[in-house]
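The values are calculated or read from the model by the stated rules, or taken from the named source; none is laboratory data. Predicted, not measured: the structure shown is a model, and the values here were computed from it. Counting neighbours? That spans all protein chains shown, and the Cβs are built from the backbone with ideal geometry, glycine included.
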Amino acid sequence: MTTDATTPDQAVTTRTESDSMGTVEVASDRYWGAQTQRSLTNFDIGRETFVLTRPLIKALGVLKKSAALANAELGELPEDIAQYIASAADEVISGELDSHFPLVVFQTGSGTQSNMNANEVISNRAIELAAGIQTVLAAMS
């Protein structure tokens, strides 16, 4: 973790996230990870007006919960991990985690960043629910 003092009265605590593209600093109080942070930097347009909508964020939660439960039923995902993912997805579905979906609709056209945002938020929240540390784990993405 690092602290970036932007003014004497204001400091932002960050954690270092890494992926195939390297490392990036993410605010410690955010559930998103490296991919979302890069998208925020690379697609810095329309943030005030064109944010992801509540129905789309909810749909991502429904999709991720369904995938976790289906994979558990097929024996491809341990039941306990599936339940943590489902619980985190329920928080996305209910709107509790909307502030962790900062991306705009203007991305690459495929929605990859929105999908990764959902994976990062749900996996980090699931890890937290399991009393783990907040970092994206490949097994839970």
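Annotations for the structure displayed:
- Residues located in segment 120-141, provided they are modelled with pLDDT of 80 or more and surrounded by 20 or more Cβ atoms within 10 Å (Cβ to Cβ): 120, 121, 122, 123, 124, 125, 126, 127
Conditions tested, residue by residue: (1) of a type in the set (Val, Ile, Thr); (2) exposed (fewer than 15 other Cβ atoms within 10 Å of the Cβ).
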| position | (1), (2) |
| --- | --- |
| 33 | no, no |
| 38 | no, no |
| 42 | no, yes |
| 45 | yes, yes |
| 49 | yes, yes |
| 54 | no, yes |
| 65 | no, no |
| 68 | no, no |
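- Among the candidates 58, 65, the residue that is more than 12 Å from the chain's Cα centre (by Cα), within 15 Å of residue 123 (Cα to Cα) and not hydrophobic (A, V, I, L, M, F, W, C) is uniquely 65.
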